[in-house]
1. Would you check if Thr123 is among the β-branched types (Val, Ile, Thr) and touching a His at 6+ places or on another chain (Cβ under 8 Å)?
2. (1) within 17 Å of the chain's Cα centre (by Cα); (2) closer than 25 Å to Val143 by Cβ: which one isn't true of Met92, the others all being true?
3. Looking at Ala13, Ala46, which one is under 26 Å from Ala135 (Cβ atoms) and under 17 Å from the mean Cα position of the chain (by Cα)?
4. Tell me, which helices (runs of 4 or more DSSP H) wholly within the stretch 1-103 include 1 or more residues that are touching a Gly at 6+ places or on another chain (Cβ under 6 Å) and surrounded by 15 or more Cβ atoms within 10 Å (Cβ to Cβ)?
5. Under 7 Å by Cβ, and 6 or more places apart or on different chains, what pairs join a residue from the stretch 19-48 that is within 14 Å of Ala79 (Cα to Cα) with one that is among the β-branched types (Val, Ile, Thr)?
6. Considering only the stretch 126-141, state which residues are of a type outside the set (Val, Ile, Thr) and in a helix (DSSP H, G or I).
7. Just name the residue that is farthest from Leu100 (Cα to Cα) out of those in the stretch 118-143 that are among the hydrophobic types (A, V, I, L, M, F, W, C) and loosely packed, with under 11 Cβ neighbours inside 10 Å.
Amino acid sequence: MWFTILAFSAGAAIAVQASMNAQLGSLLKSPILATVCAFIFSAVYALAAFGITGGRFPNQQLVSSVPWYLWGLGGILSATGVGLCYFLIPKMGVGNLMSLVLSGQLLMAMAIAHFGWFDVPQTSISVQKMVGVSAMVLGLMLVSRDFSGS
């Protein structure tokens, strides 16, 4: 139950931070600068949390065993995704954007799990999952679409 609450809270936090930082990007007239600000504060916060929780830096042997692409590619993808959100929210609205973001996340998560990439538990794509993801994507489209005609 706690994991469900935490996951739901993470989703809510993403929508709030994206909207706030999109506004920052609009006010600064640069979604890229808003992304830089967000990541600087995120790094400081994460380092503080690491220190407070007693985190220990890995030794050289462990560091050298990590594949090169895991050191930076995730951060590049994160900054790209976040920066695009800050750029797109003022243009298309937070609901429309989050519906498309969630759809992209869900479809990519299914592919990652299906192939077991990045050492995640492997789970095959089934007809049931395809029906479920189709229903969710359709639901997200219906939620984000304005049928009022205005």
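The values are calculated or read from the model by the stated rules, or taken from the named source; none is laboratory data. Computed from a predicted structure; not experimentally measured. Note that we place each Cβ from the backbone using ideal geometry, even for glycine, and neighbour counts take in every protein chain shown.
1. Numbers: among the β-branched types (Val, Ile, Thr): yes; touching a His at 6+ places or on another chain (Cβ under 8 Å): yes.
Yes, satisfied.
2. (1)
3. On the way: Ala46 fails: under 26 Å from Ala135 (Cβ atoms).
Just one listed residue meets the conditions, Ala13.
4. On the way: elements: 2-28, 31-52, 60-65, 68-92.
Those helices (runs of 4 or more DSSP H) span 31-52, 68-92.
5. So the pair list comes out as Ala22/Ile89; Thr35/Val82; Ala38/Val82.
6. Step one: list which residues in the stretch 126-141 are of a type outside the set (Val, Ile, Thr), which gives 126, 128-130, 132, 134-136, 138-141.
Within the stretch 126-141, Gln128, Lys129, Met130, Gly132, Ser134, Ala135, Met136, Leu138, Gly139, Leu140, Met141 qualify.
7. Filtering the stretch 118-143 down to residues among the hydrophobic types (A, V, I, L, M, F, W, C) leaves 118, 120, 125, 127, 130-131, 133, 135-138, 140-143.
If we keep only those that are loosely packed, with under 11 Cβ neighbours inside 10 Å as well, we get 118, 127, 131, 135, 142.
Values: Phe118: 24, Val127: 22, Val131: 18, Ala135: 14, Leu142: 12 Å.
Once the filter is applied, the top-ranked residue is Phe118.
Rundown of residues vs (1) in the same structural domain as Gln105 (by TED's automatic domain parsing); (2) under 27 Å from Met98 (Cα atoms); (3) modelled with pLDDT under 95, yes/no style:
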| residue | (1), (2), (3) |
| --- | --- |
| Met1 | no, yes, yes |
| Ala7 | no, yes, yes |
| Ala12 | no, yes, yes |
| Leu28 | no, yes, no |
| Leu33 | no, yes, no |
| Val36 | no, yes, no |
| Ala49 | no, no, no |
| Ile52 | no, no, no |
| Gly72 | no, yes, yes |
